[in-house]
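I have placed the structure first, in the form of structure tokens, so that the comments after it can refer back to it.
FYI, it's all coordinate maths here, none of it is from the lab. Given the structure is predicted, the values throughout are model-derived calculations rather than measurements. We place every Cβ from the backbone using ideal geometry, glycine too, and count neighbours over all the protein chains shown.
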Amino acid sequence: MKRSWRFFPALWTAKLTTAVLRLFHRNATHLPGLVALKLCPTFLGDIGKPKTIIAVTGTNGKTTVCNLLDDILPDCGVQPLNNRTGSNVNGGILTTFLNAATLTGRVKEEMAVIEVDERSALFVFKYMQPDYLIVTNLFRDSFKRNAHSEFISDILNQAIPKKTKLIVNADDLIGSRLAPNNDRITFGIAHREGDWEVRQNIVCDMVACPYCNTVLEYDFVRYNHIGRAHCPKCDFASPSVHYEIIAVDEEAAKLTVRTPRGEEQYRMIGDNITDWYNTLAAVTMLRVLGFDEQTIEQSLQKQQIVKSRFERIDIGDKAITMLLAKGQNPIACSRAFDYIRRTEGKKAVILLIEDYYDAKHTSENVAWLYDADFEFLNDPSVEQIVIAGVRAADFRVRLLLAGVDDSRIVCMREEVATADAVDFERVDNAFVLFDVYTTMFADATRERLENRLNGQNEEVSQ
Ligand SMILES: [Zn+2]
């Protein structure tokens, strides 16, 4: 391999940077990679790489899919290199390869599973051509970070190498159409009870045929543009599905998957359809790699969706449900709102989804509130909505516009005090929706809710 003369000095300097950062107990998951890049712009291309590289991108679910692959692959006899503890942007990916490399620039791992932020694809794929690219889905995300799904599609179309085989979601008419000339394997979930005939979300980014501009006819809508559609005028339609969940047995927690080799059964992880999509994406990848059904299924039995994203705590006949929903991400929030309204019982919803990280530098752009389906919270089963923080008034306006009666909205300044506002006489389940930047408030709120419920139980037993 012909490398830049800058490569080895960059490798050794960056490794030294890692050692020094660790000596002082500093975070060394990002900076060393950037040091390497500064000294050698082609560093990522020059460094040794595993024989098989799997990249995972998409708006929602990429971390879950990566974690599943990282956890299942060892049971298939493969220890993958991954960027699990680092970041999914340039510095983090560079550091992952840097840490894995020996002083001669080689890596010992046979396979890599690399989560790639959509916007980093242009740089990363120029130097690290993945053999497989899983695209979980493409949606609107934060305006500031991702603009629009078409903007992201354009970036990915420029970035995806010709040799890369795609693993795409057939139910996502945006993501499944990426790099149209590349080979692809599709996964999807067949029509289910509860899917809509017409859309209920405010946002749908796939309304017209990309070839003749005719309004698409949806065979069913699952959420936003997820579903299956066809053009009434030309032959454009959702792609055929290679790996398809055709039955879900919620009681036995089993997913039946139709595959090119026949029907297979896998454990259902989580009770949310997005969890099933993520599981299916990982299973599809593993089957395409040639690992057998039994090994994958046995490994799935041990897996769980990371607790930090979803956690239900039952205390007496009441419950607290913690839900992570990325702030400024209207789709993730709408999914959470829909999940809440479909959950049985009377509910209170505490919203701690303000983007504090953003607000430190600028004022958070609140336009995303108008892309998110707060209308789903205007449901008779949602008795209370408790909001706090500097943007609480913006959330209140949005809820009022969604038709929520003002008597159900509790607005306050201090986040943790939201726990005291929940009226457990009226509700069975208190949902706490939080963002990665508000976990400190979410943890404190949960603790206060738990204390309240435990206190009540003690009173009853006395
Ligand atoms: Zn058409």
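Taking loop as defined by DSSP and a crowding limit of 15 other beta carbons within 10 Å, which chymotrypsin sites (Phe, Trp or Tyr not before Pro) in segment 20-128 fit?
Loop-located and lightly packed - PHE24.
Convert 10 °C to kelvin, take the viscosity as 1.306 mPa s, use the Kirkwood radius over C-alpha pairs of segment 310-461 as Rh, and evaluate the Stokes-Einstein diffusion coefficient in µm²/s, rounded to a whole number.
Once the numbers are plugged in, D ends up at 104 µm²/s.
Please report the relative contact order for the chain, taking Cα pairs under 8 Å with a sequence separation of at least 6, and give it as a percent rounded to a whole number.
In percent, rounded to a whole number, it is 11.
Suppose a student asked you for the relative contact order of segment 310-461, using Cα pairs under 8 Å spaced at least 6 residues apart; what percent would you report?
Normalised by residue count, the contact order of segment 310-461 is 34 percent.
For helix 392-401, what angle does its Cα long axis make with the longest principal axis of the chain, in degrees from 0 to 90 and rounded to 10?
Orientation of helix 392-401: about 70 degrees from the principal axis.
Once each part is reduced to its C-alpha centroid, what is the distance from segment 247-276 to segment 50-120 in angstrom?
When both Cα centres are located, 26 Å separates them.
Residue separation times 0.36 nm, minus the C-alpha to C-alpha distance between ARG261 and LYS162: what's the value?
Length difference between fully extended and current span is 32.9 nm.
Going by how many other Cβ atoms sit within 10 Å of their own, how do VAL241, VAL168 line up, fewest first?
VAL241, VAL168
According to a simple spin-label model (label point 7 Å from Cα along Cα-to-Cβ), what is the distance in nm between GLU193 and GLU414?
Taking the two extended label points, one gets 4.7 nm.
Once you have the Cα-Cα distance between ARG106 and LEU400, take 0.36 nm times their residue separation minus that, and quote the gain in nm to one decimal.
Answer, rounded to one decimal: 100.0 nm.
For the chain, give the share of DSSP beta bridges that are antiparallel, in percent and rounded to the nearest 5; count only bridges with both residues there.
If we restrict to bridges inside the chain, about 40 percent are antiparallel.
Order 258-265, 228-235, 55-62 from most to least packed using the mean count of other Cβ atoms within 10 Å.
55-62, 228-235, 258-265
Using a Förster distance of 45 Å, how high is the FRET efficiency between HIS25 and VAL207, based on the Cβ-Cβ distance and rounded to 0.05?
Computed FRET efficiency for HIS25 and VAL207 comes out at 0.30.
Which residues in segment 306-339 place their backbone N less than 15 Å from a point set 7 Å from the Cα of VAL366 along the Cα-to-Cβ direction?
328
Given the Cα-Cα distance of GLN294 and LEU16 and 0.36 nm per residue of separation, how much length would full extension add, in nm?
Extra length available between GLN294 and LEU16 comes to 95.7 nm.
Given Cβ point charges of +1 (Lys, Arg) and -1 (Asp, Glu) and nothing else, what value in debye, to the nearest 20, does the dipole of the chain about its Cα centre take?
Result for the chain is approximately 2600 debye, rounded to the nearest 20.
Taking θ = phi - 60°, what integer Hz values does the Karplus form 6.51 cos²θ - 1.76 cosθ + 1.60 yield along segment 255-261, in sequence order, with x for Gly and Pro?
10, 9, 10, 7, 10, x, 9
When a/c is below 1.5 the answer is rounded, else prolate if a/b is larger than b/c, else oblate, so apply that to segment 226-347 with a ≥ b ≥ c taken from the square roots of the Cα gyration tensor eigenvalues.
oblate
List the extent of the Cα atoms of the chain along each of their three principal axes, largest first, rounded to whole Å.
Sorted largest first, the three principal extents are 72, 62, 43 Å.
Set the Förster distance to 35 Å, then compute FRET efficiency between ASP154 and ARG3 from the Cβ-Cβ distance, nearest 0.05.
Plugging the Cβ-Cβ distance into 1/(1 + (r/R0)^6) gives 0.65.
With Cβ to Cβ distances under 15 Å as the rule, what net charge do the other residues near GLN298 carry (K, R +1; D, E -1)?
-2
Given a cut-off of 32 Å, name the pairs among LYS126/LYS326; LYS233/LYS254; LYS62/LYS233; LYS144/LYS318; LYS163/LYS254 whose C-alpha atoms lie farther apart than that in the structure shown.
Violating the 32 Å limit, Cα to Cα: LYS233/LYS254; LYS62/LYS233; LYS144/LYS318; LYS163/LYS254.
Sort HIS25, HIS30 by Cβ crowding within 10 Å, fewest neighbours at the top.
Lowest count first: HIS25, HIS30.
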